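The values are calculated or read from the model by the stated rules, or taken from the named source; none is laboratory data. In this text, all values refer to a predicted model and were calculated from it rather than measured experimentally. Counting neighbours? That spans all protein chains shown, and the Cβs are built from the backbone with ideal geometry, glycine included.
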Amino acid sequence: MSGRRTGQVLLMLAGLIAWAVQFTVIYGVTSTLCGRGWADATVLGFGIVPMAILSATLVTFAATAIALVWSIQSHRQSGEQSVAMTDRFMSHVAILINGLSLVVILWHGISAFILPACA
């Protein structure tokens, strides 16, 4: 795979990778804190579990938003130039995957605040 194609594939999968990181951090931290009995601990007046979930959600949401912006810019550049159909397809898929990943990341972040931490 050429360097350009590798970059396109990574841009396409950036949202899914960010969501996987968020998913792992949220459930890893929650299960560890709940298993150790530290779920009621606070950091700066906020519960440690919601703070960890909020931090993971904000970081992964920002990373995915940046990937979405790059995907849109790549798509616009491919529209201005004569590019292969594969490149146009990959830019469309990158926009779709990164956009849907934003929704999924928010979905997981919000649901963690609706439900009790160690239920």
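I'd like to know if region 41-53 contains one or more residues that are touching a helix residue (DSSP H, G or I) at 6+ places or on another chain (Cβ under 9 Å), closer than 22 Å to LEU10 by Cα and touching a residue at least 24 places away in the same chain (Cβ under 8 Å). There is no residue in region 41-53 that is touching a helix residue (DSSP H, G or I) at 6+ places or on another chain (Cβ under 9 Å), closer than 22 Å to LEU10 by Cα and touching a residue at least 24 places away in the same chain (Cβ under 8 Å). Across region 67-85, the qualifying residues are those that are of a type in the set (S, T, N, Q) and under 25 Å from TRP19 (Cα atoms), and the one among them that is surrounded by the fewest Cβ atoms within 10 Å (Cβ to Cβ) is GLN73. Listed by first and then second residue, the pairs linking a residue in region 1-27 that is without any contact (Cβ under 8 Å) to a residue 60 or more places away in the chain to a residue that is part of a helix (DSSP H, G or I), with Cβ atoms under 7 Å apart and 6 or more places separating them unless they lie on different chains, are VAL21/THR60; VAL25/ALA56.
Can you tell me which residues in region 28-38 are free of Cβ contacts under 8 Å to residues at least 60 places away in the same chain and either surrounded by 15 or more Cβ atoms within 10 Å (Cβ to Cβ) or closer than 21 Å to ASN98 by Cα (or both)?
Within region 28-38, the first condition is being free of Cβ contacts under 8 Å to residues at least 60 places away in the same chain, and the residues that meet it are 28-29, 31-32, 35-38.
VAL29 - this is the single residue of region 28-38 that is free of Cβ contacts under 8 Å to residues at least 60 places away in the same chain and either surrounded by 15 or more Cβ atoms within 10 Å (Cβ to Cβ) or closer than 21 Å to ASN98 by Cα (or both).
Can you tell me which residue among ALA41, ALA119, ALA52, ALA62 is surrounded by 14 or more Cβ atoms within 10 Å (Cβ to Cβ) and either at pLDDT 90 or above or over 15 Å from the mean Cα position of the chain (by Cα) (or both)? Steps first, answer last, please.
Working: ALA41 fails: surrounded by 14 or more Cβ atoms within 10 Å (Cβ to Cβ); ALA119 fails: surrounded by 14 or more Cβ atoms within 10 Å (Cβ to Cβ); ALA62 fails: surrounded by 14 or more Cβ atoms within 10 Å (Cβ to Cβ).
That would be ALA52, the only listed residue that is surrounded by 14 or more Cβ atoms within 10 Å (Cβ to Cβ) and either at pLDDT 90 or above or over 15 Å from the mean Cα position of the chain (by Cα) (or both).
PHE61 passes every criterion in (1) aromatic (Phe, Trp, Tyr); (2) under 15 Å from VAL25 (Cβ atoms); (3) touching a residue at least 60 places away in the same chain (Cβ under 8 Å) apart from (3).
Scanning region 23-80 for residues being in contact with a Cys (Cβ under 6 Å, 6 or more places away or on another chain) and part of a strand (DSSP E or B) gives a total of 0.
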